[in-house]
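Have a look at the structure below, then the notes.
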Amino acid sequence: MAEGRTWFRDDDLHDFFDALTDDGFFDDYDKVIFVGGGMGAYGAAAHSVAAPGSILFLMQPYATLDRDLTPWEHRFRSAWALPFGPRYGNAADMIDAAAEVYIVTDPTETVDAMHASLFRGKHVTRLCATHAGSDIQARLEGIGVINRLLARAEDGALTPLRFAQLW
């Protein structure tokens with residue numbers, strides 16, 4: 001959670017996740033799921049590297065607002081000055097250690113789809129929410145399917161077909 005549009009770019013937060021990793025905090029859990037939408041998806045993906053083997057469920061994720069990497073991103077101007085690196089900077093680069101990554105995106109939202117395309121790997125499953133609009137998380141909450149989607153993600157049974165049926 002964040003208070004405002006912080007984009008989770010705070011050294012104290014990074015130190016906190018570093019300490020969790022160093023202390024083996026996540027080792028005590030059978031499964032760890034990082035969930036978020038929009039800016040929250042960015043934060044979830046960026047910090048998931050602290051829990052190797054975790055599951056990510058990202059709705060409308062942003063990779064980074066680093067102007068050198070995403071010069072086509074013209075929203076969120078107030079966040080452009082934030083340091084998107086080197087620690088936990090590019091969320092798309094932080095997902096390599098995850099067991100599974102589920103990306104929910106609306107291909108008709110061009111800039112959002114461009115961000116989503118930066119999340120790559122054999123462990124990435126793309127879930128298409130066509131015409132969901134600019135707040136996919138709110139749409140999924142509105143139709144009451146997030147808990148079912150997360151349950152399927154947790155047990156490895158979330159497929160594009162199952163998502164489409166629920167969508």
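Residue ranking by accessible heavy-atom surface, 1.4 Å probe, largest first, among Val111, Val35 comes out as Val35, Val111.
Between Arg126 and Thr159, what length in nm is gained on full extension when 0.36 nm per residue of separation is reduced by their alpha carbon distance?
Values: separation 33, 0.36 × 33 = 11.88 nm, distance 0.87 nm.
Length gained, Arg126 through Thr159: 11.0 nm.
Mean residue ellipticity, 222 nm, helices only, the chain: the sum of -39500 (n - 2.57) across DSSP H runs of n ≥ 4, divided by residue count and rounded to 500, is -8500 deg cm²/dmol. Label sites at Arg5 and Arg75, each approximated as a point 7 angstrom past Cα along Cα to Cβ, lie 1.0 nm apart. Surface calculation, 1.4 Å probe, protein heavy atoms: Leu13 sits at approximately 50 Å² accessible. To the nearest 10, the accessible area of Trp80 is 60 Å² with a 1.4 Å probe. Annotation: for a label point projected 7 angstrom from Cα along Cα→Cβ of Ser134, residues of the stretch 51-89 with backbone N closer than 20 Å are 59-66, 71-81. Taking a ≥ b ≥ c as the square roots of the eigenvalues of the Cα gyration tensor, an a/c ratio of 1.5 or more together with a/b no larger than b/c marks the stretch 72-167 as oblate. Where (i) 26; (ii) 21; (iii) 45 are the candidate values, the label of the one calculated here for percent of Cα pairs over 27 Å apart is (ii).
Who wins for biggest fluctuation among Leu82, Leu58, Leu127 in a Gaussian network model of the chain, springs between alpha carbons below 10 Å? Highest fluctuation among the options: Leu82.
The values are calculated or read from the model by the stated rules, or taken from the named source; none is laboratory data. Remember, predicted model here, so these are calculated numbers, not experimental data. Don't worry about glycine lacking a Cβ; one is built from the backbone with ideal geometry, like all the others, and counts go over all protein chains shown. We work out accessible area using only protein heavy atoms, side chains counted, and drop any ligands, DNA or RNA first. Shrake-Rupley method; radii C 1.70, N 1.55, O 1.52, S 1.80 Å.
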